[in-house]
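Written below as structure tokens is the structure these notes are about.
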Amino acid sequence: EAPDTQQELTDGFHLVIDAMKLNGIDTIYNVPGIPITDLGRMAQAEGIRVLSFRHEQNAGYAAAIAGFLTKKPGVCLTVSAPGFLNGLTALAHATTNCFPMILVSGSSEREIVDLQQGDYEEMDQLAIAKPLCKAAFRVLHAQDIGIGFARAIRAAVSGRPGGVYLDLPAKLFGQVMNAQAGAASLVKVIDPSPAQIPSPDSVKRALDVLKSAKRPLIILGKGAAYAQADEAIKNFVEKSGVPFLPMSMAKGLLPDLHPQCAGAARSTVLKDSDVVMLIGARLNWLLSHGKGKSWGDAPKKFIQVDIEPKEMDSNVEIAAPVVGDIGSVVTAFSEAMGSNWTKAPVEWLSAVQKKREDNVAKMAPRLMNNNSPMDYHGALGVLRTIIKERPDAILVNEGANTLDLARGVIDMYQPRKRLDVGTWGVMGIGMGSAIAAAVETGKPVLAIEGDSAFGFSGMEVETICRYNLPICVVIFNNDGIYRGTDQNSAGDDPATTVFVKGARYDKMMEAFGGVGVNATSPDELKRAVNEAMDSGKPTLINAVIDPAAGSESGRIGNLNPQSVLTKK
Ligand code: ADP
């Protein structure tokens, strides 16, 4: 039956757009195609910023990091089956990292998919997404679009944030309904991530343990950066007088040059501390699971602050679990500490500071070398100064040696300015993260990339040029993965870990109208990056690094399994 032509109508396309707008979703990271091309067009026409990428995985990584930066779900929009699968890696990454994200995918006809009759891009996407994300929903009727988005948004941001899959079959978009009824079906999510106040007992228990410590340590993780409770965290940390260690994406939450920062004394504080308070950091592989050699022999007590109750005791006993949102918890700590809290023993803080100064002094001369071809330290020395002079710029960082060394060398000064490979140590987040960082914050972005890491998302330099984003990409080009010097002893093929020698990634940028520079010395690098950061022009600098510089897998070479049969 034809709908009454007299009444005003809406349809699935418009209800999806209206549901997003009603909930403050103003940006979509997408790759167009069947069945969502028109959705992207219409969303753009209705004032949503729709950024089209060259590959869904990069659009997905952009949405994931947008979620981290804004505390709102980043939205990635993809086509069915292959596009969906490409986006799924990023959705799983967002879930693993506790970033709120929604992957919205078009899908094929339910009836045909379920009977496996071979539809265009046939795939049971909902079933596949489910085990890889925090929640997954499908909307079959236009009148349920409002509820579908409400559920997706709340699932993404409440409690421990994560990735949500939202399946929208092609047929849904064209479904029409009365416009008034459509508007009434939309849901504005009220208080999507409610404060979670810690129990007073848990607060007291935690402070009692902290008070008993002779050598306490606070570890700040990216959950603490995500929480956007910057002042409350700073107040608590300073009131406690406890040295703090920032995990990589928590760097800058308190400045790396803060007198209590133990960043450059990491191994000492892990070994020697007797009480460790984790704030938004998990005791996963990045912290050696809270046990073993790097944690030393002295007995340790852990206090853990996390919104996810199941995180407690995941690896070792937690003497004082505090379940709540970080803002509420640290505020409760500061209040309960009162005005005459005894700060952490000053001998301990001095010992940490001494260690830190020694380590910094040891590294300093290496950062000042002007070698050509460059080594990592020479190149990073100049980039370190550039970030110091532009503390509000955003640093994106991936690679093996490029990641591990940049993390240690480059001090951060403000919260949420360092974006990197996250919990999986995944390569490929680079261009997606850089684009989202520029789009969401409007700040200049410096992306420091290993040549191998860059390869996973390199085509997005076209996207950067197309949207004219203030992104400067620096490729640490040492001709290969880990190093460019490997030889194949068995034949003519290049060794498995080397790339084309002397490749000129800067020419890629020029192909799309951006600025390309080949830098062979720290001085040249410095000049080119300064110019890019000042001009805001899309720029790619091919930084020529000695192919022999770097080590296998950077700092995590120990994770490579060894063959006992390998001849030494
Ligand atoms: P890192 O890798 O920096 O050590 P992780 O990703 O391992 O950090 O840990 C982040 C933790 O922060 C997760 O366990 C997550 O549940 C928690 N978290 C995220 N947001 C909040 C919040 N607002 N309040 C409390 N905990 C949070």
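Model label sites at Ile147 and Glu552, defined 7 Å from Cα along the beta-carbon direction, differ in position by 5.7 nm. Distant-in-sequence amide contacts of Val473, defined by a placed amide H-H separation under 5 Å and a gap of 5 or more residues or a different chain, comprise Ala447, Thr539, Leu540, Ile541.
Exactly which trypsin sites (Lys or Arg not before Pro) in the range 62-150 are in a DSSP loop and have at most 16 other Cβ atoms within 10 Å? Kindly include the intermediate steps, with their values, before the conclusion.
Values: sites: Lys71, Arg110, Lys134, Arg138; in loops: Lys71, Lys134.
Those that pass, being in a loop and sparsely packed, are Lys71.
Subtracting the Cα-Cα distance of Lys211 and Asp26 from 0.36 nm times their residue separation leaves 62.0 nm of extension gain. Within a straight-line Cα-Cα reach of under 12 Å, Lys291 can be paired with the following aspartates and glutamates, leaving aside sequence neighbours fewer than 8 residues apart in one chain: Glu317. Hey, how many Å between the Cα centroid of the range 98-126 and the Cα centroid of the range 540-559? Their Cα centres are 40 Å away from one another. Placing a label point 7 Å from the Cα of Val176 along the Cα-to-Cβ direction, no residue of the range 46-68 has its backbone N under 17 Å from that point. The stretch between Met459 and Arg384, if pulled fully straight at 0.36 nm per residue, gains 24.3 nm over its current Cα-Cα span. So if each residue of separation counts as 0.36 nm, and I subtract the Cα-Cα distance between Ser199 and Gln44, what length gain in nm does that give? 51.3 nm is the gain from fully extending Ser199 to Gln44.
Longest stretch of the chain clear of exposed loop sites (GluC sites (Glu not before Pro), DSSP loop, at most 13 other Cβ atoms within 10 Å, sites excluded): 9-316.
Between Glu347 and Lys130, what FRET efficiency follows from the Cβ-Cβ distance if R0 is 56 Å, with the result rounded to 0.05?
Working: r = 53 Å, r/R0 = 0.95.
Working from the Cβ atoms, E equals 0.60.
Nothing charged except the Cβ atoms of Lys and Arg (+1) and of Asp and Glu (-1): what's the magnitude of the dipole of the range 196-271 about its Cα centre? Round to the nearest 20 debye.
On the way: 11 positive and 6 negative charges, 70 e Å.
That gives the range 196-271 a dipole magnitude of about 340 debye.
Accessible surface of the chain, 1.4 Å probe: 53 percent of it comes from carbon and sulfur atoms. The aspartates and glutamates within cross-link reach of Lys214, meaning a Cα-to-Cα straight distance under 12 Å and a gap of 8 or more places when in the same chain, are Asp272, Asp274, Glu347. Rg over Rh for the range 119-205 works out to 1.13, using Cα positions for both radii and the Kirkwood form for Rh. In this rough spin-label picture, where each label sits 7 Å from Cα along the Cβ direction, the Leu559-Glu111 distance is 4.8 nm. Look at the alpha carbon pairs under 8 Å that are at least 6 residues apart: their mean separation over the length of the chain gives a relative contact order of 12 percent. Given contacts defined as C-alpha pairs under 8 Å and at least six residues apart, what's the relative contact order of the range 151-269, whole-number percent? 19 percent. In this calculation the C-beta distance from Lys362 to Gln228 is compared with R0 = 35 Å, giving a FRET efficiency of 0.50. To the nearest 500 deg cm²/dmol, what mean residue ellipticity at 222 nm is calculated for the chain from DSSP H runs of n ≥ 4 alone, each contributing -39,500 (n - 2.57), summed and divided by the residues? Helices in the chain give a 222 nm mean residue ellipticity of -11500 deg cm²/dmol. Sparsely packed loop sites in the range 190-222 (the trypsin sites (Lys or Arg not before Pro) outside DSSP H, G, I, E and B with at most 15 other Cβ atoms within 10 Å) comprise Lys214.
Quick one: Debye curve from the C-alpha atoms of the range 30-70, no solvent, what's log10 I(q)/I(0) at q = 0.17, 0.19, 0.20, 0.22 Å⁻¹? Relative scattering, expressed as log10 I(q)/I(0), comes to -0.48, -0.59, -0.65, -0.76. Spacing of the modelled spin labels on Lys188 and Gln487, each 7 Å from Cα toward Cβ, amounts to 7.0 nm.
Between Ile34 and Thr497, what is the FRET efficiency for a Förster distance of 51 Å, r being their Cβ-Cβ separation, to the nearest 0.05? Display every interim value, and only then the final one.
Details: r = 39 Å, r/R0 = 0.76.
Taking R0 as 51 Å, the efficiency between Ile34 and Thr497 is 0.85.
Taking only alpha carbon atoms, the chain gives an Rg to Rh ratio of 1.00, where Rh is the Kirkwood radius.
The mean accessible area for residues of the chain, using a 1.4 Å probe and ignoring ligands and nucleic acids, is 42 Å² per residue. Using a cutoff of 8 angstrom between alpha carbon atoms and counting only pairs six or more residues apart, the relative contact order for the range 397-439 works out to 45 percent.
Could you tell me the distance between the Cα centroids of the range 333-350 and the range 361-419, to the nearest Å? About 33 Å separates the Cα centre of the range 333-350 from the one of the range 361-419. Restricting attention to the chain, close to 5% of DSSP beta bridges with both partner residues there are antiparallel.
The values are calculated or read from the model by the stated rules, or taken from the named source; none is laboratory data. Fair warning: this is a prediction, and the values are worked out from it, not measured in the lab. Using ideal geometry, Cβ is built from the backbone for each residue, glycine included, and neighbour counts are taken over all protein chains shown. Ligands, DNA and RNA are stripped out before the accessible areas are found, and what is left, the full protein with its side chains, is counted by its heavy atoms. Shrake-Rupley method; radii C 1.70, N 1.55, O 1.52, S 1.80 Å.
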